[in-house]
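**Q** This structure is in structure tokens; I'll ask about it shortly.
The values are calculated or read from the model by the stated rules, or taken from the named source; none is laboratory data. These numbers were taken from a predicted model, which means no experiment stands behind them. Note that each Cβ is placed from the backbone with ideal geometry, even for glycine, and that neighbours are counted across all protein chains shown. Note: areas computed on protein heavy atoms with side chains; ligands, DNA, RNA excluded. Shrake-Rupley method; radii C 1.70, N 1.55, O 1.52, S 1.80 Å.
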Amino acid sequence: MELEKLKQKGIDAIDFIKKIDKDTEDTFIKNYKELGIDGLTESFLLDVAAFKKALSDNNNKTFCKFYYIQKGDYLNLGLSFSDNEECDIKQNKLADDDVLYILENDQLTPKDFRQMKKDFTNKIGAKLPIHPGNKKDTLISYSLQEINGFLDIMEKEYSDIYNLKFNMFKYSPVGIDHELSAHFTERKNRIAFCVHALFNKKDLYGESDGYDLGNLRP
């Protein structure tokens, strides 16, 4: 219900917070695994407290962008807090530069990852399918308003969220309702991730539904 209210307020302008049913997510994950490319990490964890601190420290920025980077032989994620809507990273030793982090285990480490971004483009990324316009996937972008809205809703829904889990997948057309079917068809062959909130549940952990979050670039 809260998610529907959020969508009605217009925050879903860039396909943010679209719940993906498990069967569809499983299909997209299978697509990703079947790419058969060495080094494709299947999932990532991000500590919620560390993420919220980074969001707070950079609340003067407009966007949070998740870049595909390569660390060693494997796909990793780099985060940029930015006022720049484009794919380029702004690092000119000025006050409005992008603020950069890399994901290490489930923590965020401040680091200039531009070379790691190039490594991904030239190595793992070069093996990925090309999407329309002869382009390759580079990043997923969100506004800070969208991210904070999503975290607020998850924390209201689940009492003790400690991690976000990002399941990597590859889109394909699926036989579902018209709106999302068109959404998935437009993104055919593109890689992205589905986000789950992990929360404590007595002596076990619980996991929220998966959400397709983000504006793929380019």
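**Q** Identify, please: which residue in segment 104-159 is within 18 Å of SER82 (Cβ to Cβ), assigned to a strand (DSSP E or B) and modelled with pLDDT under 95 and is, among those, most open to solvent (accessible area, probe 1.4 Å)?
**A** Going through the qualifying residues, I end up with SER143.
**Q** Among the residues of segment 50-67, is any at pLDDT 95 or above, of a type in the set (Gly, Ala, Ser) and within 15 Å of MET168 (Cβ to Cβ)?
**A** So far as segment 50-67 goes, no, none of its residues is at pLDDT 95 or above, of a type in the set (Gly, Ala, Ser) and within 15 Å of MET168 (Cβ to Cβ).
**Q** Of all the residues that make up segment 30-75, how many are in a helix (DSSP H, G or I) and either more than 20 Å from PHE150 (Cα to Cα) or of a type in the set (Val, Ile, Thr) (or both)?
**A** Count: 5.
**Q** Check LYS93, LYS71 and return the single one that is at positive phi and open to solvent by 80 Å² or more (accessible area, probe 1.4 Å).
**A** None of the other options fit; the residue is LYS93.
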